[in-house]
Every structure is written in structure tokens, then in C-alpha cells.
1. Given the -39500 (n - 2.57) contribution per DSSP H run of 4+ residues, what per-residue ellipticity at 222 nm results for the chain, rounded to the nearest 500 deg cm²/dmol?
2. Nearest 10 degrees, 0 to 90: what angle lies between the long axis of helix 89-109 and the longest principal axis of the chain (Cα atoms)?
3. Rounded to the nearest 0.05, what FRET efficiency do GLN26 and ARG46 have when you use their Cβ-Cβ distance and R0 = 22 Å?
4. Determine which aspartates and glutamates satisfy two conditions relative to LYS135: a Cα distance under 18 Å, and not lying fewer than 8 residues away in the same chain.
5. Calculate the spin-label point distance for LYS164 paired with GLU132, positioning each point 7 Å from the Cα along the beta-carbon direction, and give it in nanometres.
Amino acid sequence: MRFLFTMLTVVWLLFSWVCFNALRWQPPFSRPWHADEALSRSSPERIDLDIEELTQRLENPTLANQERAWYCFQRAQRYWLKTYLQNTRLNQLTYLKLSLKDCFSALELVPDQPTYLYAVADLYHQMKDYAEAEKYYKKVLKIRPDYALAYRRYQEMQEEMDRKKDEKTTESD
């Protein structure tokens, strides 16, 4: 009787875990247009080699801050590209977070660099953290109002937010 009770408990726990994960599962992030363009110029193998090479360069203790920031940013871009080679949202989030970490490392070394700020804004945008993305898009556009790509992506994010708001309104009616 005890064995049967144990087996039923195990089955119930497994069933609960499967149901929980099924409800929690989300489709992978869709690839933004600017990732398509960048991925068409690079192979997955090249991206991995670049990450390795940039990691080795960053281990050099004699690098100047400007150079170290540039290598962090370059590695962040490779992680970002690797994001859209993943099949699950969880794996994509892992690479987006690695990319974000490297962008913040670059910003620590060279604060208020518009390119790095834009990258942070765009990463938050892709992770659907619109509040953080907006904060960084505004910083970029304050420093460099003529940054066309940042302005375009900021507008795209606002349109996404409006669509989500419209969908929620339609669902609640």
C-alpha cells in the first residue's frame, strides 16, 4: 500500500510539473528586422569564434578603458546575434542577458556612449521590458537627437505597446 501511495505521489508531481511548464511555456521571441540583416552576414560558427576571441582579448590586463569597452560591446553584439539562433525563449533570454551584461560593462568604462546606450535600450525592448527600454531610448535621444536607428526602434516599441494596449482592451470587452 505504501508503494502504491508513493507511486501515485510521484505521478501526481510529474503531472503537475508538466502542466506548470506547459502553461509557463512561451514561444521564442521573433527576430527583429535588424537582426536578420546582421545574421545574414555571419555564420553561427563565426559568431562563436568571435565570442571566444573577444573573451581572450578582454583577459588582457593592459587594455585601456576605451578599448576594453569596445571589446565588451562587440561581444555583446555577438551574444545578441546568438540569441536569434536559439529555439526557445529561455535560451534566448540567456543570451540577451549576457549581451546586456556586456553592454553595461562597456557603459561602466565609457559612460553616456550613445551606441552602448542604444544597445541597452534595444535589448530591453527585445525582452519586452518597455519601461527600461524607454528610459534608455530617451537617454540616447537626449545625447544624440539625430540617432535615426534609435528613433526608429523607439517608435516601433511605442507601436508595439499601443497594439498590446488595444489587444487587452479588446479582450476585456
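Values in this text are rule-based calculations from the coordinates and carry no lab data. Because the structure is predicted, anything quoted here is derived from the model rather than measured. Neighbour counts are summed over all protein chains in view; Cβ atoms, including those assigned to glycine, are modelled from backbone coordinates with ideal geometry.
1. Dividing the helical sum by the residues of the chain leaves -27000 deg cm²/dmol.
2. Result, in degrees: 30.
3. Efficiency computed from Cβ-Cβ geometry: 0.15.
4. In chain and number order, the partners are GLU108, ASP112, ASP122, ASP146, GLU156, GLU159, GLU160, ASP162.
5. Spacing of the two 7 Å Cα→Cβ label points: 1.3 nm.
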